[in-house]
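Chemist: Before I ask anything, here is the structure I am working with.
Just so it is clear, none of the values below were taken in a lab; they were calculated from the coordinates. Bear in mind that the values here come from a model prediction, so they are computed numbers and not experimental data. For neighbour counting, all protein chains shown are included, and Cβ atoms are generated from backbone atoms with ideal geometry for every residue, glycine included.
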Amino acid sequence: MDQVTFQSDTVLSDVHLLLPNARHLMIRLNSVGQPVFVSKFRILQDGEQEEVQESEKNTLLDDDGDLDVARKPKHAVCDREKVHPVILSQAGETVSDDDEEDEAEEEGCAKDLIKIEHTMATPLDDVGKQIWRGAFLLSDFILSHPDVFREATVLELGAGTGLTSIVTASVAKMVYCTDVGEDLLDMCQRNVSLNSRYIEPSAERGVKVRQLDWTADDFLTDADAEFSWSEEEVADLHDSTTLVIAADVCYDDDLTDALFRALYRITSNLRKPSTTYFSIEKRLNFTLRHMDMTCEAYDHFRHCLEQLGDMTDGKMKFTVSPVPCSFPQFFQYERVDQLELWKVSASAL
């Protein structure tokens with residue numbers, strides 16, 4: 001593996017994060033220029049979700065029921081400096097180029113089109129620049145339960161590219177879209193700007209991209225720092241927030257611990273009772289330590305959930321429950337059985 005030469009147009013769609021040298025491999029890829037994609041995501045309308053779910057069952061199977069993997073042609077040539085791959089379609093139609101998109105926009109039919117800038121592969125430190133299935137699952141839930149989020153103030157933790165915050169902003173009053181890292185937050189802010197038509201922002205509504213470090217004890221309020229919080233925003237967060245969301249953010253035990261500490265700290269300072277929704281994908285990994293297939297990151301997440309539900313500090317009460325993933329599918333992705341959604345209700349005693 002170390003003898004492989006990576007070109008600037010090399011894309012890795014999936015890298016085993018626990019594989020030896022995997023992080024080193026991705027650093028080498030990024031050093032020669034990680035390509036950035038802008039993908040178009042079309043929200044499916046009523047009646048189309050069942051068609052997508054049925055088609056997904058047979059997407060990877062041939063006539064005999066065997067796994068059918070599409071292979072890249074040996075001599076494929078592709079300019080990946082800036083591309084717009086169509087990820088989703090509506091009613092069997094696809095937007096294949098900018099001319100068709102412009103035509104759709106002129107006809108007022110682009111309200112359900114979301115553009116997201118992202119990368120296809122990253123080192124572990126930059127996983128937020130990819131789009132994970134947990135973001136689609138949580139977005140599906142939000143679109144399936146608009147009354148839960150309508151006119152609410154919502155905090156997203158570990159927002160990454162901002163897809164879920166953008167979807168939430170279609171029904172919520174205000175979304176505080178948070179993560180760490182200037183590059184990632186810049187990308188997230190660009191995505192918010194790309195979807196201004198979908199979000200319809202105003203002075204009192206929309207998405208605000210802000211830094212929120214789970215390992216820090218307080219909000220970043222330095223006026224000279226980019227993506228910092230104003231005192232008015234911190235006050236609004238504490239006074240108005242009733243919903244917290246997080247999509248597929250648990251992949252490192254230390255960060256998961258920090259996430260739950262931050263969640264306790266934030267929810268215990270909210271004026272109103274709150275509900276948190278976690279989406280997570282249970283990923284099986286073979287580890288040399290166990291010499292077996294394990295789900296260590298998922299297991300630690302479940303352990304933290306149990307600890308939160310069992311907490312008896314005399315100040316807060318947390319109720320943890322799974323959410324059945326039987327709601328409609330608005331995005332075209334493989335909703336595997338390993339995808340889960342969890343609900344945490346928090347209230348002061």
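Chemist: For a Förster distance of 41 Å, can you work out the FRET efficiency between the beta-carbons of residue 316 and residue 38, rounded to the nearest 0.05?
Modeler: 0.50
Chemist: Calculate the spin-label point distance for residue 150 paired with residue 306, positioning each point 7 Å from the Cα along the beta-carbon direction, and give it in nanometres.
Modeler: Using points 7 Å along Cα→Cβ, the separation is 3.9 nm.
Chemist: Taking each pair of different alpha-carbon atoms in region 175-325 once, compute 1/r for the pair, average those values, and report the inverse of that mean as the Kirkwood hydrodynamic radius in Å to one decimal.
Modeler: 17.5
Chemist: Can you list residues from other chains, or at least 5 along the same chain, whose modelled amide H is less than 5 Å from the amide H of residue 316?
Modeler: Residues meeting the amide H criterion: 349.
Chemist: Counting other C-beta atoms within 10 Å, which of 120, 174 has the fewest, and how do the rest follow? Kindly include the intermediate steps, with their values, before the conclusion.
Modeler: Details: 120 19, 174 22.
The fewest-first ordering by Cβ neighbours comes to 120, 174.
Chemist: Right, something else. What distance in nm separates the simple spin-label points at residue 348 and residue 283, each placed 7 Å from Cα in the Cβ direction?
Modeler: Using points 7 Å along Cα→Cβ, the separation is 3.8 nm.
Chemist: With a point put 7 Å past each Cα toward its Cβ, work out how far residue 197 is from residue 235 in nm, to one decimal.
Modeler: Result: 3.8 nm between the two label points.
Chemist: Also, I was wondering about something else. Order these peptides, 257-269, 147-159, by their mean beta-carbon neighbour count within 10 angstrom, highest first.
Modeler: 147-159, 257-269
Chemist: Using packing as a proxy for protection, rank 179-186, 310-317 so that the peptide with the highest average count of other Cβ atoms within 10 Å comes first.
Modeler: 179-186, 310-317
Chemist: How would 214, 342 line up from fewest to most surrounding beta-carbon atoms within 10 angstrom?
Modeler: Lowest to highest Cβ neighbour count: 342, 214.
Chemist: Related question: Using the 10 angstrom Cβ neighbour count as an exposure proxy, how do 199, 114, 245 rank, fewest first?
Modeler: Numbers: 199 22, 114 25, 245 28.
Going from least to most buried by this count: 199, 114, 245.
Chemist: How big is region 105-239 in terms of Cα radius of gyration and Dmax, in angstroms?
Modeler: Here Rg and the maximum Cα pair distance are 14.7, 49 Å.
Chemist: Next up: Which percent of Cα pairs goes in each bin when the distances of region 195-247 are cut into 10 angstrom slices starting at zero?
Modeler: In order of increasing distance, the bins hold 19, 48, 30, 2 percent.
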